[in-house]
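Here is the structure we will look at.
The values are calculated or read from the model by the stated rules, or taken from the named source; none is laboratory data. Since this is a predicted model, take the numbers as computed values, not measurements. Glycine gets a Cβ as well: all are built from the backbone with ideal geometry, and neighbour counts include every protein chain shown.
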């Protein structure tokens, strides 16, 4: 008898149509899964979704808050996308963001009387250096001893978060802060300028500029080509004379520095001080944004706005008795479906007929 079986066949080149459609389907399936969950909890999915996206995208205030959430997502996503291009799994953007916030806070808390033309550039540089050096702690064992960077970068997140907590509960705690874990407020010279009377700040321009730069680097530069080759095959890259260790150090440092810049923009552009819990998980969401964007820097800008809207909408639906964590659940569902969709992007499913023998009793 003939038996029909399914076989996965590797595509020589991923279908451009599938590359576009799979992320879109992933988002739709995540929304469908969320609708099922909401139905089981007694909620009306369409009503909840209308509130989520209406509050985050349907008003001037909602759009402003969405962009405020999108800016650190853009920066951390751009940072991890650079590492992912070289198959370096930097899962430490959250910790690098915290270290960037720490580095940037040093100047206004230690030298509060610096003029703005020294204060802001100094904060940017220190924030990026702190984030980059934190990422190097992952790059060093990866380059020298082949230590898995997923584990080290993930564990360093907790160290960075607890380090910032130590500072705001201890040496940098504001004596006038009513015992809250916050530092003294930054002087005006340490605040990023905003757009008009909104909370959107100059960090948006940092993200736009970096996205353009990375898009050009990935597509047109020799270094961008080296990153792709090393990520595809270290053996081929070594045969071509590429310095793999140096590129691991450089890519991870720049990846961490960009995430560190996200920390700087948060404390300088939004919070105005260092405090406990400066990030609701931007560094973790950045992983999903980067994958959903197919590591395309320009697509990252758009997807970050979508995820910013999810976060703002998640807070809005709390008034309806729906926990804000539903937005986090949807982000996880999107990642799940995106990773599952990678199978159909890189492989085609074929139905194969095979001859088989009927088994006796």
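Points worth noting:
- Residue match in segment 307-321 (condition: assigned to a loop (DSSP other than H, G, I, E, B), at pLDDT below 95 and either within 26 Å of residue 38 (Cβ to Cβ) or under 19 Å from the mean Cα position of the chain (by Cα) (or both)): yes
- Unmet requirement for residue 143, which otherwise passes all of (1) assigned to a helix (DSSP H, G or I); (2) surrounded by fewer than 19 Cβ atoms within 10 Å (Cβ to Cβ): (2)
- Residue in segment 238-254 that is within 26 Å of residue 111 (Cβ to Cβ) and in a loop (DSSP other than H, G, I, E, B) present: no
- Condition check for residue 190: closer than 29 Å to residue 312 by Cα and free of Cβ contacts under 8 Å to residues at least 24 places away in the same chain: no
- Failed item in (1) surrounded by fewer than 19 Cβ atoms within 10 Å (Cβ to Cβ); (2) more than 24 Å from residue 82 (Cα to Cα), with residue 168 passing the rest: (1)
- Residue in segment 191-200 that is at pLDDT 95 or above, exposed (fewer than 15 other Cβ atoms within 10 Å of the Cβ) and part of a helix (DSSP H, G or I) present: no
- If you go through segment 152-179 and pick out every residue that is at pLDDT 95 or above and assigned to a loop (DSSP other than H, G, I, E, B), you end up with 5.
- Looking across 161, 150, 129, one residue alone is out of contact with any helix residue (DSSP H, G or I) (no Cβ under 8 Å at 6 or more places or on another chain), under 22 Å from residue 257 (Cα atoms) and surrounded by 14 or more Cβ atoms within 10 Å (Cβ to Cβ). It is 150.
- Residues that are in a helix (DSSP H, G or I) and touching a strand residue (DSSP E or B) at 6+ places or on another chain (Cβ under 9 Å) within segment 327-349 comprise 343, 346, listed in sequence order.
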